[in-house]
1. Do we have any residue at all in the stretch 157-176 that's part of a helix (DSSP H, G or I), small (Gly, Ala, Ser), in contact with a Phe, Trp or Tyr (Cβ under 8 Å, 6 or more places away or on another chain) and touching a residue at least 24 places away in the same chain (Cβ under 8 Å)?
2. Checking the conditions here, which among Phe23, Phe33, Phe112 is over 22 Å from Val284 (Cα atoms) and either in contact (Cβ under 8 Å) with a residue 60 or more places away in the chain or aromatic (Phe, Trp, Tyr) (or both)?
3. Conditions first: (1) touching an Asp or Glu at 6+ places or on another chain (Cβ under 9 Å); (2) open to solvent by 20 Å² or more (accessible area, probe 1.4 Å). Ser144 passes all but one, so which condition is the exception?
4. Is at least one residue of the stretch 349-358 surrounded by fewer than 22 Cβ atoms within 10 Å (Cβ to Cβ) and closer than 16 Å to Asp191 by Cα?
5. Quick check, is Ala249 under 23 Å from Ser87 (Cα atoms) and either touching a Lys or Arg at 6+ places or on another chain (Cβ under 7 Å) or of a type in the set (A, V, I, L, M, F, W, C) (or both)?
6. Being among the small types (Gly, Ala, Ser) and touching a residue at least 60 places away in the same chain (Cβ under 8 Å) is the filter; apply it to the stretch 177-191 and report the residue that is surrounded by the most Cβ atoms within 10 Å (Cβ to Cβ).
7. Out of the residues in the stretch 1-21 that are hydroxyl-bearing (Ser, Thr, Tyr) and surrounded by 10 or more Cβ atoms within 10 Å (Cβ to Cβ), which is nearest to the chain's Cα centre (by Cα)?
8. Which one of these does Ala309 not meet: (1) more than 28 Å from Phe361 (Cα to Cα); (2) within 20 Å of the chain's Cα centre (by Cα); (3) not charged (D, E, K, R)?
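The values are calculated or read from the model by the stated rules, or taken from the named source; none is laboratory data. Since we're looking at a predicted model, the values are computed, not measured. Cβ sites come from the backbone with ideal geometry, for glycine too, and all protein chains shown count toward neighbours. Accessible surface areas use protein heavy atoms only, side chains included; no ligands, DNA or RNA. Shrake-Rupley method; radii C 1.70, N 1.55, O 1.52, S 1.80 Å.
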Amino acid sequence: MDYTAALDSALQRLHGEGRYRTFIDIERRQGQFPKAIWRRPDGTEREITVWCGNDYLGMGQHPAVLKAMHEALEATGAGSGGTRNISGTTIWHKRLEAELADLHGKEAALVFSSAYIANDATLSTLPKLFPGLIIYSDALNHASMIEGVRRNGGAKRVFRHNDVAHLRELLAADDPAAPKLIAFESLYSMDGDFGPIGAICDLAREFGALTYLDEVHAVGLYGPRGGGVAERDRLMDRIDIINGTLAKAYGVFGGYIAASAKMVDAIRSYAPGFIFTTSLPPAVAAGAAASVAHLKTDQALRDAHHAQARILKMRLKGLGLPIVDHGSHIVPVHVGDPVHCKMLSDMLLENFGIYAQPINFPTVPRGTERLRFTPSPVHTPGDVDRLVRALDQLWGHCALNRAELSA
């Protein structure tokens, strides 16, 4: 086989479909985010405004987070030195897990290297703990949940997105005695719609199922202490396993689950994705713990974040742009074509210094390509105004190009 030719063919398919992913080289500037420096391929530099990051609250530059990381770095050095089982558990890891358990009102928490790994490792391990387990998974669950369910070797059922009636049909069709788990998200990040947590918990109780809730895009942002949508809706006690991230609203790195002490102990003891992975650097764990602790009391920052999202949505609606508004902080603008989505992204960057990465298949279904904007408290009114004016100017240009291509 000509391996080089096969690679060329695979990459050319992406180019031909208009969805080849280009990574731009940026340098975030501490104290100035969302401003960053874009280093072009030719070596020149330009200041840009980041509008697609997941550091939703700017906690990646918060003084309390940086102070904690500096102190841990000076105290212990760079890396953890091992897996959690072999010399890689430190006081900073234990402190972080205690903060997370408290955040979600659970007995225990377990930190992973990412929320992706936390989902994959936990969902793929659960059938080992509950033989014959059937997992019911929302059709729009994150790739990490899909992968964990796929790899576990057990039975799975996929219910239509947020369709509680369809979920009921699937639950009712299976053996009442079989162990069951419903896996879903509180906030789906591409459209910004919420999962029907209460209704799903009612079905779980009726059919004797466990509940597994991904709160990745909600922790830190919703609820009186940042516990997520389940905390906001006073439903945390009805969720058996909560998955979250430390890399979005908390601005650092890592993922976790929170659950009963026995559930956490079992996952800790059986999940290869936890057992055989080097633990987070202590400085990262320290920064994450400081961020979680801070956001338990900083409701003003959450309020400012949601206000920014409302303002941006209102202004984009005023332009007549096709945004979907489910009342969350996610602001997607649907383009519907990978080529034009990339074109808009490139023009925003080159002409206006605005960075918004195009979102194409397989992250979203074909035909739903979009630009996804993430307003934050650190975006200024001037930043918002420049973005709105740029989109107003470019949208008409994009429509003309689309008409020319289809003529």
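1. Here is the first cut: in the stretch 157-176, the residues part of a helix (DSSP H, G or I) are 164-173.
Filter once more, keeping what is small (Gly, Ala, Ser): 165, 172-173.
Going one step further and asking which of them are in contact with a Phe, Trp or Tyr (Cβ under 8 Å, 6 or more places away or on another chain), we end up with 172.
Within this subset, residues satisfying the condition of being touching a residue at least 24 places away in the same chain (Cβ under 8 Å) are 172.
Within the stretch 157-176, one or more residues are part of a helix (DSSP H, G or I), small (Gly, Ala, Ser), in contact with a Phe, Trp or Tyr (Cβ under 8 Å, 6 or more places away or on another chain) and touching a residue at least 24 places away in the same chain (Cβ under 8 Å).
2. Details: Phe33 fails: over 22 Å from Val284 (Cα atoms); Phe112 fails: over 22 Å from Val284 (Cα atoms).
Just one listed residue meets the conditions, Phe23.
3. For Ser144, the failing item is (2).
4. Of the stretch 349-358, the ones surrounded by fewer than 22 Cβ atoms within 10 Å (Cβ to Cβ) are 349-353, 355, 357.
Keeping just the survivors that are closer than 16 Å to Asp191 by Cα gives 357.
Taking every residue of the stretch 349-358 in turn, at least one turns out to be surrounded by fewer than 22 Cβ atoms within 10 Å (Cβ to Cβ) and closer than 16 Å to Asp191 by Cα.
5. Details: under 23 Å from Ser87 (Cα atoms): no; either touching a Lys or Arg at 6+ places or on another chain (Cβ under 7 Å) or of a type in the set (A, V, I, L, M, F, W, C) (or both): yes.
Answer is no for this residue.
6. Step one: filter the stretch 177-191 for residues among the small types (Gly, Ala, Ser), giving 177-178, 183, 186, 189.
The next check asks that each one be touching a residue at least 60 places away in the same chain (Cβ under 8 Å); those that pass are 183, 189.
Values: Ala183: 27, Ser189: 23.
In this case the residue turns out to be Ala183.
7. Applying the first criterion (hydroxyl-bearing (Ser, Thr, Tyr)) to the stretch 1-21 yields 3-4, 9, 20.
Then drop every residue that is not surrounded by 10 or more Cβ atoms within 10 Å (Cβ to Cβ), which leaves 9, 20.
On the way: Ser9: 31, Tyr20: 22 Å.
Here the answer is Tyr20.
8. Condition (1) is where Ala309 drops out.
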